[in-house]
Amino acid sequence: MKSERILIIGSNGQIGSVLSRYLRGIYGDDRVIACDIKQPVVQDPYFEILDATNGKRLSEMLRKHKVTQVYHLAAILSAKGEQDPLRTWDINMQTYFNVLEASRENGVRKIFYPSSIAVFGAHANGIAEQYSFLDPSTVYGISKAAGENWSNYYFKRYGLDIRSLRYPGIISHQSLPGGGTTDYAVDIFHKAVKGEHFECFLSAGTTLPMIYMSDAMDATVRLMEASKDKVCVRTSYNLSGLSFSPKQLASSIRKFIPDFAISYKPDFRQQIADSWPQHIDDTFARKDWGWRPAYTLDKMTEEMIVALRKQYDLIHI
Ligand code: NAD
């Protein structure tokens, strides 16, 4: 494990900014190189600018740092992606093809590819099973479904050890989300701790699969460290944390902030949410590499509120 040299592409985002700290805690600071198309907010000696649409530059970085593992997080997400579908397809696919080819050519041993519940559509019918039919409704979902199949192809054809999770909406206090349909579930906490009213862009009863960041980190490293023979799904593993609606989340928040107020004004994201399953069956992840989420809704809510109060310096109010 100590000999790994890791490159995180898209390290400034909601997941990357937390994952880089998490992996550095395991492998050591100098063994985890962070890169993104833009500079990070906090200066990082192990950060380099990289536009992953530039395959030549990516190859140079893999060689320069003798990279053994790549976490490819760069992508345009579901809601933002709908504003410019063809550009979203280009960026999501071009960056991934560059990762696949540059990794193959430069001896990278393992790749992490984050997929999404957005690969599912109307035919997943409420509960998405591992092999439910994939009929994604967004360009983002289409690109993730294609990426999953390319992962499987590169594994079978070239033996590239690619591991992937279909993340549900991720809830974090450390970082802000970057334009997904589940972003409300982070924004709501910021409003709640500041004592502000929250207007939700999804309807009260829209149940979606979500996961707390700390569970997402655990699942990611657990999968990446599993022995190769345990990783039987080479497209992408279903992953489930918890499922809830805005109304249920608001009720959970009121257990800690009783006067929290919410109203509902669904926008274009409602249609995307309606095309996604409400629940995810992650039996394969549980069976193959021992996945178990640790967080319930109230446990997550309490931790989010305590952490955000500290961030906003409201702890003594
Ligand atoms: P994000 O939008 O917060 O971060 C993506 C990062 O990629 C940004 O910092 C951006 O600057 C960077 N980036 C964009 N184009 C780039 C390029 N050409 N070269 C280098 N960097 C580039 O996204 P996130 O929420 O951190 O998600 C990370 C990955 O996880 C994505 O692939 C996303 O599809 C997947 N995912 C996220 C969620 C979620 O809820 N956050 C759920 C499912 C899947």
request  = List every residue pair whose Cβ atoms lie under 7 Å apart, where the two residues are 6 or more positions apart in sequence or sit on different chains, the first residue falls within the range 139-152 and is touching a residue at least 12 places away in the same chain (Cβ under 8 Å), and the second residue, located anywhere, is part of a helix (DSSP H, G or I) and away from the ligand (no atom under 12 Å from the Cβ).
outcome  = V139/P85; V139/W89; S143/W89; W150/L100
request  = Being part of a helix (DSSP H, G or I) and within 18 Å of T181 (Cβ to Cβ) is the filter here, so list the residues in the range 215-249 that pass it.
outcome  = A216, P246, K247, Q248, L249
task = Please work out which residue is surrounded by the most Cβ atoms within 10 Å (Cβ to Cβ), limiting yourself to the range 56-80 and to residues that are small (G, A, S) and at pLDDT 95 or above.
result = A75
ask   = Given (1) touching a helix residue (DSSP H, G or I) at 6+ places or on another chain (Cβ under 7 Å); (2) closer than 17 Å to V108 by Cβ; (3) surrounded by fewer than 16 Cβ atoms within 10 Å (Cβ to Cβ), where does P85 come up short, assuming only one miss?
value = (2)
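Show me the strands (runs of 3 or more DSSP E) found entirely inside the range 1-89 where at least 1 residues are under 19 Å from A146 (Cα atoms) and more than 22 Å from the chain's Cα centre (by Cα). Let's see the steps before the verdict.
Details: elements: 6-9, 32-36, 47-49, 69-72.
Counting at least 1 such residues, we get no strands (runs of 3 or more DSSP E) at all.
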task = Working only within the range 9-33, note down all residues that are closer than 24 Å to G180 by Cβ and more than 10 Å from the ligand (Cβ to nearest atom).
result = S20, R21, Y22, L23
inquiry  = Which numbered condition in (1) hydrophobic (A, V, I, L, M, F, W, C); (2) more than 25 Å from S20 (Cα to Cα); (3) not in a loop (DSSP other than H, G, I, E, B) is the only one that A204 fails?
reply    = (3)
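The values are calculated or read from the model by the stated rules, or taken from the named source; none is laboratory data. Computed from a predicted structure; not experimentally measured. Glycine gets a Cβ as well: all are built from the backbone with ideal geometry, and neighbour counts include every protein chain shown.
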